[in-house]
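Novice: Structure in C-alpha cells, see below.
The values are calculated or read from the model by the stated rules, or taken from the named source; none is laboratory data. Treat the numbers as computed from the prediction; the structure is a model and nothing was measured. When we count neighbours, we look across all protein chains shown, and the Cβ atoms used for this are built from the backbone with ideal geometry, even at glycine. Note: accessible area is taken over every heavy atom of the protein model, side chains too, but ligands, DNA and RNA are not part of it. Shrake-Rupley method; radii C 1.70, N 1.55, O 1.52, S 1.80 Å.
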Amino acid sequence: MTRDGRWRGGARVGGVLALVVAVLAVVGVLVLRGDEGDGGEEAAAEGARRFLNAWAADDLATAAGLTDDPEAARSLLESVRDNTRPERLEFALAGDPEPVEEDGERGGSTLAVPFTATFTLGGLGEWSYESTALMRPGDGEGWLVAWESALVHPELAGGQTLVLTTDEAERAPILAADGSPLAGPSTVWDVGVRPADLAEPAAAWAALEALDVGIDTEALADRVAAAEPDQVVAVVTLRDAVFQEHAPRLRAVPGLEFVEGTRQLALSARAVVGALDPESGAGVSGLQERYDEELSGGGSAAMMIADRASGAAVETLREWEGGEEGSPVRTTIDPATQAAAEAALDDAGREGAIVAVQPSTGHVLAAADWPADGFDRSLRGQLAPGSTFKVVTTAALLEGGATPDEVLGCPRTVTVDGQSFENQDEFELGPDTTLREAFTASCNTALIDHRDRFVPDTLTRTAEAFGIGAEWSVGAATFDGAVPVAESDNELAASLIGQARVQASPLVMASVAATVAEGAFRQPVLVPAAVDAPHRASAELSQGTFQALRSMMRETVTAGSASALAGVSGEPHGKTGTAEFTDEDGELSTNAWIIGFLGERDLAFAVVLEDGGSGGSDAGPVAADFLAGLTG
C-alpha cells in the first residue's frame, strides 16, 4: 500500500526490437483512496481497481475477464505489453467516478473512472498519461469495464496498438593499442531443430555434441518433444569459423536448420573483451560489461500509435532524443603479441592462459585464454604458482644476506612436523648444491631445509615489493595475488615453493617476471584511461637482488629446467613451476607454469596450463612457441 493511493506493477523483459514477445513477471498492488459514494460509485471504483491491478501485475487473462469483451481486451493488452516492453506499470486513480450520459449504444448506467497510467521504460524513464475506464454493472455482482481501445490510451482507435520503437546508437568498439578493433561485427549462424523434419534424432544429437560447446542434448530432446511440429527450436549460435568446420556433418542431418546473421563479437582476447547479450545488446562479461555505458552511448526512441494489421505508424505520442554516441575503449593489447599468444595456446589445445607485460610501463601486451570464450583466467585466475614463486622466495633469501653461490644442499626429501616434502620425481643434487644450482634445477628441498631463515611474514613482506596482495587498478577485473602470513611451520614450508595458501593469476606472475627485468614494480595496466592511480609497491628490493635473479633466471634457460626456451632468440630468462592441487574428484593433479622475460626486448610473460604436466616439459614448449611467434 502507498500513501498516495497508487498501485504498482513491474515487468522485466528481454529484447531490443519493438515487436519482440516477452513474458513479464510482475507484482501489482492496488490501493483505493477510499472515496465515499452511493454504493454504485464505490462498486465501479472497485471494478476499476480489480482491472487495473490485474493489468499492472501482467495478469492479462484476469484483466480481460473483468471486461465486457474479454477476447478483444486480452488481445490489445498483450499487444501493448509485447510492443512497449515496460519494466514497470503503475496506475493511480485520478478522480471520483462520474456518470456518463446514456449513448444508446451501450445502454444502462455507465460511470467513468479516471486514472493515470505510468510506463517505466528501460533506459528511457517514465511515460505517463491520463485515461478513463468506463464501468457498467455486470450481470452478477460487481461492475465490468466497458471495453474500448481508448481505455489503453485516449488517442487509440479500434484496430490500433501502442509500439515503442528504438533506434540504438552504434556500439563503439574496444580497441587494441594500435587502434584496431578487438570486437566488431562478425558472421554467426543460428542453429535450430524443426521437429517435423527430424527423422533421425540420434544423428542430430551426435552432430550437435560434436560441436563441443556444452549443448545438453537430453534437455534439448525434451524441448523438441514439447514443441509444435513446425516450430523451430533454437539450439545455439555459432561463430562462422566453428560453423564452417562442422557444416558438412550438420547439414547432412534432416531437421537441423541454420540461419546466417551478424553480431558484434570479440575478435581477439575474447575472454577478456567479453560478450554481449544477444537480445538486449548489453555487455554481460569482461570489458564489454565493465564499460557498457561508455560503449553503448544513447539511442533514440519513440512511442507510437500503429495499425495492428499493417504495422504502419499512425501517430507519434512521445519521442526521446538519442544521447551521445558510444565512446571507444582503448586497451594496451598489442595485436601481434596477442596473436602469437593465442596461436600458441590453440596449438596446445589445453585449458590455460598466456599473459605478456611490458616491464618498462606495466602495459598488458597480451591476455590470451583457452578456451577463447571461457573464463578469463589470464587476469582473474586464482592458482597456486608453484615453483615460479621461488623468484619471490629467493629474493627474500638474497635480501637476508644470502648469495647465489652460497651452499644450501638439495636432499631428496625434507620432513617438517611429520610431513614429507620432496622434489619433482624425487631428484636430489647433494649437499654441495648452491642457491644458484637449486634455483635453476627448481629444488624444493633446498629452500624448505632453510626455512629457519624465514619468519612467518617474510614472504608476505617480500611479495609486497612485487605488488602481490595489494589492490591493483588495471582497468579490468583482476586477481592480484595473495601471500598470507604462514600459520604453521608446515604452511611456511609449502609457501616457500608456491603452495599452501599462496595464489596468483597469470597476470601477477607475468608481473613478477617484469619486475625482475625492470628492477622495479610497475603495476600492470590494460585500459590506461581508466587508471588514475596505479598501485605503488610498499617495499623495494636492492638492485643487487634483481641482478642476481636475472643471472639465475638466465641460467635456468641455458642449463636448467627452462631449457625449452634455449633455442629462442632475444636472450630469454625463465623460471618453471609445477603446482599440485586436488581436483573436483579428489584426485591430485598439477598446473604447469613458466614465467620469464626477453633480455633483448621489453617483454615479460607467464604461461600456465591447467590440470596435468610440469612447467619444464609442458608449459615450456608452449612459451617457446609463443616467443618464437614474436621473434621468428
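Novice: Going by Cα centres, segment 303-372 and segment 65-89 are how many Å apart?
Specialist: Segment 303-372 and segment 65-89 have Cα centres spaced 37 Å from each other.
Novice: May I pose another question? Under a 1.4 Å probe, what is the accessible area of segment 285-379 per residue, stated in Å²? Walk me through the intermediate numbers first.
Specialist: Working: 4100 Å² over 95 residues.
With all protein chains present, segment 285-379 gives 43 Å² per residue.
Novice: A further question follows. Summing +1 for each Lys or Arg and -1 for each Asp or Glu, what net charge is found among the other residues whose Cβ lies under 13 Å from the Cβ of residue 229?
Specialist: Numbers: positive: 194; negative: 197, 228, 230.
Local net charge: -2.
Novice: Which loop-located GluC sites (Glu not before Pro) does segment 45-105 contain, where loop means any DSSP state but H, G, I, E or B and the Cβ has at most 16 other Cβ atoms within 10 Å? Could you put the intermediate results ahead of the total?
Specialist: Details: sites: 46, 71, 78, 87, 90, 101, 102, 105; in loops: 101, 102, 105.
Those that pass, being in a loop and sparsely packed, are 101, 102, 105.
Novice: Moving to a separate point now. Which one of 340, 403, 303 is farthest out on the positive end of the charge dipole of segment 301-416, using unit charges on Cβ (Lys, Arg +1; Asp, Glu -1) and the Cα centre as origin?
Specialist: My answer, from the dipole projection, is 403.
Novice: Mind checking the per residue accessible area of segment 523-565 for me, 1.4 Å probe, whole number of Å²?
Specialist: Values: 2020 Å² over 43 residues.
For segment 523-565, the per-residue accessible area is 47 Å².
Novice: Can you give the FRET efficiency to the nearest 0.05 for residue 584 and residue 101, using r as the Cβ-Cβ distance and R₀ = 60 Å? Don't jump to the answer; show the numbers that get you there.
Specialist: Working: r = 75 Å, r/R0 = 1.26.
Computed FRET efficiency for residue 584 and residue 101: 0.20.
Novice: Sticking with this structure for a sec: Taking H placed 1.01 Å from N in the peptide plane, check which residues at least 5 places from residue 465 or on another chain put their amide H under 5 Å from its amide H.
Specialist: 539
Novice: Shifting gears a bit: Note the angle between two axes, namely the Cα long axis of helix 40-56 and the longest principal axis of the Cα atoms of the chain, as a number of degrees from 0 to 90, rounded to the nearest 10.
Specialist: For 40-56 against the chain, the angle is about 30 degrees.
Novice: Right, here's the next one. Could you state the number of Å between the C-alpha centres of segment 495-517 and segment 253-293?
Specialist: Using only Cα atoms, the two centres lie 32 Å from each other.
Novice: What is the percent carbon and sulfur in the accessible area of segment 161-219, measuring with a 1.4 Å probe over the protein chains and ignoring ligands?
Specialist: Working: 1270 of 2670 Å².
Here it works out to 48 percent.
Novice: Report P(r) for segment 277-359: all Cα-Cα distances, bin width 5 Å, range 0 to the bin holding the largest distance, values in whole percent.
Specialist: All Cα pairs, binned at 5 Å, distribute as 3, 10, 12, 12, 12, 15, 10, 7, 4, 5, 7, 3, 0 percent.
Novice: While we're on this one: Restricting to Cα pairs below 8 Å that are 6+ residues apart, what does the relative contact order work out to for the chain? Please round to a whole percent. List each step's numbers first, then the result.
Specialist: Numbers: 1485 pairs, mean separation 63.6, N = 632.
About 10 percent, as a whole number.
Novice: Let me ask something else about it. Nearest 10 degrees is fine. How inclined is helix 390-399 to the longest principal axis of the chain, computing both from alpha carbons?
Specialist: Tilt relative to the chain: about 60 degrees.
Novice: Further question on the same structure: With an 8 Å cut-off on Cα pairs and a minimum separation of 6 or more residues, tell me the relative contact order of segment 544-603 in percent.
Specialist: Numbers: 82 pairs, mean separation 16.8, N = 60.
Relative contact order of segment 544-603: 28 percent.
Novice: Shifting gears a bit: Taking every pair of alpha-carbon atoms in segment 579-625, give the share separated by more than 12 Å as a whole percent.
Specialist: Numbers: 663 of 1081 pairs.
The answer is 61 percent, as a whole percent.
Novice: Stick to the Cα atoms of the chain, pair each with every other, and give me the Kirkwood hydrodynamic radius in Å at one decimal.
Specialist: Working: mean 1/r = 0.0344 Å⁻¹.
Computed over Cα pairs of the chain, the Kirkwood hydrodynamic radius comes out at 29.1 Å.
Novice: Continuing with this model, one more query. What Kirkwood hydrodynamic radius do you get for segment 190-231 when you take the inverse of the mean 1/r over all pairs of distinct Cα atoms, in Å?
Specialist: Kirkwood hydrodynamic radius for segment 190-231: 10.7 Å.
Novice: Moving to a separate point now. Sorted from largest down, what three extents in whole angstroms do the Cα atoms of segment 492-632 have along their principal axes?
Specialist: 43, 35, 32
Novice: What part of the accessible area of segment 308-400, given as a whole %, is carbon or sulfur when the probe is 1.4 angstrom? Walk me through the intermediate numbers first.
Specialist: Numbers: 1630 of 3670 Å².
Carbon-and-sulfur percentage of accessible area, whole number: 44.
Novice: Taking 0.36 nm per residue of sequence separation and subtracting the Cα-Cα distance, how much length would be gained by fully extending the chain between residue 628 and residue 453, in nm to one decimal? Write down the numbers at each step before the final one.
Specialist: On the way: separation 175, 0.36 × 175 = 63.00 nm, distance 3.98 nm.
Separation in residues times 0.36 nm, less the Cα-Cα distance, equals 59.0 nm.
Novice: Considering amide H positions built from the backbone, and no H for Pro or chain starts, which residues 5 or more places from residue 280, or on another chain, come under 5 Å of its amide H?
Specialist: 15
Novice: Just how far, in whole angstrom, is segment 555-577 from segment 144-175 if you go by their alpha carbon centroids?
Specialist: Cα centres, segment 144-175 to segment 555-577: 66 Å.
Novice: While we're on this one: Could you work out the Kirkwood radius for segment 429-494, taking every pair of different alpha carbons, averaging 1/r and inverting it, reported in Å? Mind showing how you got there, number by number?
Specialist: Values: mean 1/r = 0.0720 Å⁻¹.
Averaging 1/r across every pair of different Cα atoms and inverting gives 13.9 Å.
Novice: Cβ under 12 Å from residue 265's Cβ, residue 265 left aside: what net charge do those residues give with Lys, Arg +1 and Asp, Glu -1?
Specialist: In short, +2.
Novice: Considering only the other residues whose Cβ falls under 12 Å of the Cβ of residue 209, what net charge follows from Lys and Arg at +1 and Asp and Glu at -1? Provide the component values of the computation, followed by the final result.
Specialist: Details: positive: 249; negative: 212, 216, 218.
Neighbour charge sum, excluding residue 209 itself: -2.
Novice: Taking amide H positions as placed 1.01 Å from N in the peptide plane, with prolines and chain starts having none, which residues 5 or more places from residue 525, or on another chain, fall under 5 Å of its amide H?
Specialist: HN-HN under 5 Å from residue 525: 363, 364.
Novice: Considering the Cα trace of segment 359-511, what is its radius of gyration and what is Dmax, both in angstroms?
Specialist: Taking only Cα atoms of segment 359-511, I get Rg and Dmax of 16.4, 49 Å.
Novice: Which ³J(HN,Hα) values, rounded to whole Hz and listed in residue order, are derived for segment 551-560 from phi using the Karplus coefficients 6.51, -1.76 and 1.60 in 6.51 cos²θ - 1.76 cosθ + 1.60 with θ = phi - 60°, glycine and proline given as x?
Specialist: For segment 551-560, the Karplus curve yields 4, 6, 5, 5, 5, 5, 7, 7, 8, x Hz.
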